[in-house]
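Here is the structure we will look at, set down as C-alpha cells.
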Amino acid sequence: MDGNDSRKKIQEPDFEALASMKSTSKASRLTTAVLLLLCIILTAAVLVKMFSAPPAEEALATDNNVLAAVNVSAAPAEYGTFVKISRMNGEIRRAGNDIIIYPEITSTGMVTDVLIDEGDTINRGDIVAYIDSSRPGSIYKISPVIAKTGGIVLDVNVSEGERISSSTAIATITNNDDLVIRASIPEKFIGTLRKGMTAEFETVAYPGRMYTAALSYIAPSVDTTSRTTDIELTITGNTEGLMSGMYIKLNLETEHQDDVLMVPASAVDEYLGDDVVFIVDNGSARRQVVTTGSTNNSETVILSGLSEGELVITAGNVTDGTAISVV
C-alpha cells in the first residue's frame with residue numbers, strides 16, 4: 001500500500017506549476033508585443049522626420065540666406081557746406097560808455113521842468129528838461145536841455161527847483177544799438193575763426209527767444225591760465241528786451257567750409273588705427289580706409305578715399321564682406 005501510494009503521488013500532475021508556466025508564457029508574449037509596437041512607432045517617427053526635413057545642402061543654404069539678410073541703412077557721399085557750431089556762455093555789454101547829458105548854460109541856473117523818467121526811451125533832439133539861467137534883474141530866460149543821442153534813460157540826476165551848474169549831469173542814457181556780446185572761446189578754435197561768422201543766442205530772461213549776432217572782434221592774445229581768447233560779437237536784427245549785463249547762451253559758428261565731400265558722422269568707424277567706412281558694393285559691405293577732416297554732430301568731411309555718390313553704410317552691424325540688404 002505504501003509503495004502504491006507513493007507511485008500514485010509521483011504520477012499526479014503539478015497543476016500549480018502548469019498554471020505558473022502558462023502565466024509566464026502570456027506575460028512574455030505581451031512584453032514582446034509591446035516592444036514590437038514601440039519599434040514600429042519609433043521607425044515611423046524616423047521616416048516622417050527624414051521625408052519632411054530638407055536636405056543638408058538646402059538647410060545650409062537657408063542658414064546662409066538668413067546671414068545674408070543683414071538690413072542696413074546707407075547714404076551717399078555728397079559735396080556741400082560744412083558748418084560746425086560751438087556752444088558757450090557770454091554776456092551782453094555796451095560797446096561804449098554811458099552817455100551823460102549836461103545843460104548848455106554859462107554858469108548856474110534852476111531846473112524848472114524835468115520831462116523824462118528812468119526807463120524812458122528818447123531820441124536824438126528830444127528836450128529832457130528846462131533850466132532858468134537868468135540873473136537877478138535880468139529878463140526871465142528858459143533854456144532847454146537837448147539829448148545829443150537817443151537811447152534808454154538809466155538815471156535822472158536832477159529834480160524841479162534844484163539849482164545846478166554847467167557841470168551838473170541832468171541824466172544818463174544808454175543806447176541799445178551799441179550792445180555787444182563778449183565771450184571767451186577755447187584756444188583750439190582760433191584757427192577756424194573768421195570775422196563775420198554768424199551766431200544765435202538766447203537770454204535767461206527770455207528762454208526760447210532767439211537773437212542773431214556776427215563775430216566782429218578776436219583778441220590778439222590767449223589767456224595762459226584758461227587757454228581761451230576773448231571775442232566780441234555785434235548784435236544783428238532785433239534787440240527788443242536786451243539789456244547790458246544779461247547772461248546769454250551762445251551758439252557760434254566756429255568753422256565754415258564750402259564745397260567739401262561729406263558723409264554722415266555715423267558712417268565713420270576705426271579699424272586698426274585707421275578711419276574707415278563700409279561701402280555698399282554689389283550686395284555686400286566693403287571696408288574702405290578714408291582720410292577724414294573736421295566733424296560735427298551730424299557730418300564728417302572726407303579728404304580722400306571716397307568718391308561722390310558712393311553709398312556708405314550708416315547703420316547696421318557689418319564686417320568686410322558681409323552680405324547686406326539696404327533698407
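Quick notes on this structure:
This table checks each residue for (1) within 30 Å of residue 315 (Cβ to Cβ); (2) assigned by TED's automatic domain parsing to the domain that holds residue 320; (3) among the hydroxyl-bearing types (Ser, Thr, Tyr); (4) touching a Leu at 6+ places or on another chain (Cβ under 9 Å).
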{"site": "207", "(1), (2), (3), (4)": "no, no, no, no"}
{"site": "210", "(1), (2), (3), (4)": "no, no, no, no"}
{"site": "213", "(1), (2), (3), (4)": "no, no, no, yes"}
{"site": "216", "(1), (2), (3), (4)": "no, no, yes, yes"}
{"site": "220", "(1), (2), (3), (4)": "no, no, no, no"}
{"site": "230", "(1), (2), (3), (4)": "no, no, no, no"}
{"site": "237", "(1), (2), (3), (4)": "no, no, no, no"}
{"site": "244", "(1), (2), (3), (4)": "no, no, yes, yes"}
{"site": "263", "(1), (2), (3), (4)": "yes, no, no, yes"}
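Quick grid of which residues meet (1) assigned to a strand (DSSP E or B); (2) among the hydroxyl-bearing types (Ser, Thr, Tyr); (3) in contact (Cβ under 8 Å) with a residue 12 or more places away in the chain; (4) assigned by TED's automatic domain parsing to the domain that holds residue 303:
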| position | (1), (2), (3), (4) |
| --- | --- |
| 90 | yes, no, yes, no |
| 109 | yes, no, yes, no |
| 113 | yes, no, yes, no |
| 117 | no, no, yes, no |
| 128 | yes, no, yes, no |
| 149 | no, yes, yes, no |
| 153 | yes, no, yes, no |
| 160 | no, no, yes, no |
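- For residue 196, the conditions (1) surrounded by 18 or more Cβ atoms within 10 Å (Cβ to Cβ); (2) in contact with a Leu (Cβ under 8 Å, 6 or more places away or on another chain); (3) free of Cβ contacts under 8 Å to residues at least 60 places away in the same chain are fulfilled apart from (1).
- Failed item, numbered, when residue 194 is tested on (1) at pLDDT 90 or above; (2) assigned to a loop (DSSP other than H, G, I, E, B); (3) closer than 18 Å to residue 232 by Cβ: (1)
- Filter result for the condition that a residue is under 11 Å from residue 100 (Cβ atoms), surrounded by 16 or more Cβ atoms within 10 Å (Cβ to Cβ), touching a residue at least 12 places away in the same chain (Cβ under 8 Å) and of a type outside the set (S, T, N, Q), over 170, 181, 164: 170
- Taken over the stretch 72-107, the criterion of being more than 30 Å from residue 321 (Cβ to Cβ) and of a type in the set (Val, Ile, Thr) is satisfied by 81, 83, 85, 92, 99, 100, 101, 105, 106.
- Condition check for residue 301: farther than 26 Å from residue 201 by Cα and either in contact with a His (Cβ under 6 Å, 6 or more places away or on another chain) or touching a residue at least 40 places away in the same chain (Cβ under 8 Å) (or both): yes
- The set of residues from the stretch 95-115 being surrounded by fewer than 17 Cβ atoms within 10 Å (Cβ to Cβ) and not small (Gly, Ala, Ser) comprises 97, 98, 100, 102, 104, 106, 108, 110, 112, 113, 115.
- All positions within the stretch 197-217 that are over 21 Å from residue 258 (Cβ atoms), part of a strand (DSSP E or B) and not aromatic (Phe, Trp, Tyr): 202, 203, 213, 216
The values are calculated or read from the model by the stated rules, or taken from the named source; none is laboratory data. All values derive from a computational prediction rather than experimental measurement. Here the Cβ is made from the backbone with ideal geometry for all residues, glycine too, and neighbour counts use every protein chain on show.
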